[in-house]
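S.K.: I have a structure here, written as structure tokens, and I will follow up with some questions on it.
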Amino acid sequence: MLRHYGHAVGIDITYSGVKYAASRGDRKVAQASATDLPFGGGQFDLVTSFDVIYALPDELEKAAVAEMFRVLRPGGHLVLNVAAL
């Protein structure tokens, strides 16, 4: 969905998730954790997280959000979706 707006990359913690994305033609997917993103600082205008953060313990949740802000360019945006309950 986001490819229509620019260069999009993604991560999945599992090999099977990366393999699935590759099978659909999504070749810019790295196997990585949200708590340790494999990108340099200030690389992205937009970072998204859909239904991931709420599943992490508080300590890892904080680390993941810090990582998302680390890879954002100044003035970038974070779109964070979490479960309602």
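S.K.: List every residue whose amide H lies under 5 Å from the amide H of THR48, counting only residues 5 or more places away in sequence or on a different chain, with H placed 1.01 Å from N in the peptide plane.
M.R.: When sequence neighbours closer than 5 places are left aside, the close amide H contacts are VAL79.
S.K.: Another question about this same structure. Specify the inter-centroid distance of the stretch 1-25 and the stretch 40-85, based on alpha-carbon positions, in whole Å.
M.R.: 17 Å
S.K.: Right, another one. How many Å² of accessible area per residue for the stretch 31-85, probe 1.4 Å? Can you show the working numbers first?
M.R.: On the way: 3620 Å² over 55 residues.
About 66 Å² of surface per residue is accessible.
S.K.: Additional query: Whose amide H sits under 5 Å from the amide H of GLY10, counting only residues 5 or more places off or on another chain, with H placed in the peptide plane?
M.R.: VAL29, ALA30
S.K.: A further question on this structure: In debye, nearest 20, what is the charge dipole magnitude of the chain about its Cα centre with +1 on Lys and Arg Cβ and -1 on Asp and Glu Cβ, if you could check?
M.R.: Details: 8 positive and 9 negative charges, 91 e Å.
Around 440 debye, computed over the chain.
S.K.: Tell me, in nm to one decimal, what length is gained between ARG70 and ASP36 on full extension, where the rule is 0.36 nm per residue of separation less the Cα-Cα distance? Don't jump to the answer; show the numbers that get you there.
M.R.: Numbers: separation 34, 0.36 × 34 = 12.24 nm, distance 1.04 nm.
Result: 11.2 nm gained on full extension.
S.K.: Only residues of the stretch 34-59 count here: report those whose backbone N is under 17 Å from the spot 7 Å along Cα→Cβ of VAL82, or say none.
M.R.: 34-35, 48-59
S.K.: Same structure again: Evaluate 2.2 N^0.38 Å with N set to the residue count of the stretch 1-57, then give the Cα radius of gyration divided by it.
M.R.: Working: Rg = 11.8 Å, N = 57, 2.2 N^0.38 = 10.2 Å.
Rg over 2.2 N^0.38 Å, computed on Cα atoms: 1.15.
S.K.: Okay, next question. Could you give each residue of the stretch 5-15 its phi-based ³J(HN,Hα) in whole Hz, using Karplus coefficients 6.51, -1.76, 1.60 with θ = phi - 60°, and x for Gly or Pro?
M.R.: Residue by residue, the stretch 5-15 yields 10, x, 6, 10, 10, x, 9, 8, 6, 9, 4 Hz.
S.K.: Here's another thing I want to ask about it. How far is it, in nm, from the label point at LYS19 to the one at HIS4 when both lie 7 Å from their Cα along the line to the Cβ?
M.R.: Taking the two extended label points, one gets 3.1 nm.
S.K.: How fast does the stretch 26-85 diffuse by Stokes-Einstein, in µm²/s, taking the Kirkwood radius from C-alpha pairs at 37 °C and 0.692 mPa s? The partial results should precede the final answer.
M.R.: Working: Rh = 12.1 Å.
Using the Kirkwood radius from Cα pairs, D works out to 272 µm²/s.
S.K.: Report, to the nearest whole %, how much of the accessible area of the chain belongs to carbon and sulfur atoms, 1.4 Å probe, protein only.
M.R.: Values: 3460 of 6190 Å².
After summing per-atom areas, the C and S share lands at 56 percent.
S.K.: Mind listing the phi-derived Karplus ³J(HN,Hα) values for the stretch 53-60, rounded to whole Hz, using 6.51, -1.76 and 1.60 with θ = phi - 60°, and x for any glycine or proline?
M.R.: Karplus-based 3J(HN,Hα) across the stretch 53-60 equals 4, 5, 7, 9, x, 3, 4, 6 Hz.
S.K.: Also, quick follow-up: Could you give each residue of the stretch 25-39 its phi-based ³J(HN,Hα) in whole Hz, using Karplus coefficients 6.51, -1.76, 1.60 with θ = phi - 60°, and x for Gly or Pro?
M.R.: Per residue, the Karplus-derived 3J(HN,Hα) values read x, 7, 8, 9, 10, 10, 7, 6, 9, 5, 8, 8, 6, x, 10 Hz.
S.K.: I've got another one for you. If you take the charge dipole of the chain about its Cα centre, with +1 on Lys and Arg Cβ and -1 on Asp and Glu Cβ, which of ALA64, SER49, VAL18 is farthest toward its positive end?
M.R.: Farthest along the dipole direction, towards plus: VAL18.
The values are calculated or read from the model by the stated rules, or taken from the named source; none is laboratory data. As the structure is a computational prediction, the values presented were derived from the model and not from experiment. Methodologically, a virtual Cβ is constructed for each residue, glycine included, from the backbone with ideal geometry; neighbour enumeration extends over all protein chains shown. These accessible areas exclude ligands, DNA and RNA; they are computed on the full protein's heavy atoms, side chains included. Shrake-Rupley method; radii C 1.70, N 1.55, O 1.52, S 1.80 Å.
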